[in-house]
Amino acid sequence: MTLYEQVAKTIMKLLIRDPYYALFLMGIDKQETTRVPTLAVGLNGIDIRLFINKEFWETLSDEYKYGIIMHEALHICYFHLLDMSDYPDHAIDNIACDMEINQFIGKHLLPKDCIWLEDFQEKYPQLGLEPLQGRRYYYNKLKSLPEEEQQKLGSQLGNNEHFWEAFEELSESDKEVIRNQVSYMMEETANECRKQQGTVPGNLEQIMKLNKKEPPKFDWKKYIRQWVGMSQDIYFKLTRFKPNPYFARNPSQKVKFKQQLLVAIDTSGSVSNAELQEFMSEIKHLYKFGHSIYIMCVDTHIYEPYLYKGVDDFKISGRGGTYFTPTLNYFNAHPEYSGMIYFTDGEAELPPNSNKPMLWVISSRGTDKYIKEHNGKVLKITK
């Protein structure tokens, strides 16, 4: 029996016991390898793939096979390999990741030498390790140990069997594409699981809830074409990646934009956190079209613009008063920006007109009464 037939047989058996994991794993490509001694999550282009050492696989009991592929599925669902840059000590991070997810797998389903929270609670009572916490919690707790103890732990238990390098080399936009792909697969798996009267694990329901994105309030593609003219300055470059139906944009095409878009975010004190969240949600949708977006926080002052990379890395500066004029003067004086979108609650005096295409986006509780006479187009977010 080939390895693929063996794994398929295990997944079919798992379908009866834990349908969610089985259905999810059916959608993940598998590849036989000798590059890792056990199993590992890796990449083929920007497709996630499960690499399996056949010799190791054939030593496992059925119970251990169930547990180990569930373990790898949880690494994918928890986006562990996409967030590595936040955890520079990979050995300690590998322990923290396993400590987080192994709590959702029965001890009888994994080999005894796996990482278990209870073992660490017993060995390091001074850390006060709590159950059902996240990767960052366990990582920070372990990093509080003396350096010598960290190194000892890392050398004994932190041997990672994932292809870290491949994930570290990804661009932020590629990571976002993979994150969207996994989120989509998780949602589709949950829907199929419910159709078959299966149960979706509560921890994964929570992950899906946290990653669920609000639909865009506007047809950004239409507005960008109409007011910024981005569509005239696009070219495509073919890449070696194969097309994948899960991607919102075909990854076999690399999109280049010659123009830059300035996105001003009103971070004055009159803008609530809920309104900032509205703005950020729309910016993430806007980014999906591949535009080169520079974000600039503004109140009575303007703050240095930074290139938005498509992830939740918004750097909020300001929280003072509101004054539109410095922002408009900056935009008018910088020809590298072909257009500007200004997210605001509208609470400020009328600024000077813009000499390039501009779009005002007013928050759901904001007002456009002060900018009605401005030459920029005005849109209002609705609940």
>> Could you tell me the relative contact order of region 3-179? Use alpha-carbon pairs under 8 Å, at least six residues apart, and round to a whole percent.
In response: 24 percent
> What ranking, highest mean first, results for peptides 168-179, 52-63 when packing means the other Cβ atoms within 10 Å averaged over each residue?
Replying inline: 168-179, 52-63
> Sorted by average packing, counted as other Cβ atoms within 10 angstrom per residue and highest first, what order do 122-131, 342-351 take?
Replying inline: 342-351, 122-131
> Considering only Cα-Cα distances, which of the following residue pairs are longer than 32 Å: LYS284/LYS369; LYS30/LYS195; LYS65/LYS195; LYS123/LYS284; LYS13/LYS209; LYS356/LYS380?
Replying inline: LYS123/LYS284
> Considering only the other residues whose Cβ falls under 14 Å of the Cβ of TYR138, what net charge follows from Lys and Arg at +1 and Asp and Glu at -1?
Replying inline: -4
>> With unit charges on the beta carbons (Lys and Arg positive, Asp and Glu negative) and the dipole taken about the Cα centre of region 3-179, which residue among ALA96, PHE167, TYR21 sits farthest to the positive side?
In response: TYR21
> What spacing in nm lies between the two simple spin-label points modelled at ASN355 and GLU122, each 7 Å away from Cα in the Cβ direction?
Replying inline: 7.4 nm
> Whose amide H sits under 5 Å from the amide H of LEU379, counting only residues 5 or more places off or on another chain, with H placed in the peptide plane?
Replying inline: TRP360, VAL361, ILE362
>> I'd like to compare 150-157, 326-333: which one has the highest average count of other Cβ atoms within 10 Å, and what's the full order after that?
In response: 326-333, 150-157
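Read the figures in this text as sums done on the coordinates, not as results from a lab. Not measured: the values here are computed from a predicted model. Positions of Cβ are backbone-derived with ideal geometry, glycine not excepted, and every protein chain shown enters the neighbour counts.
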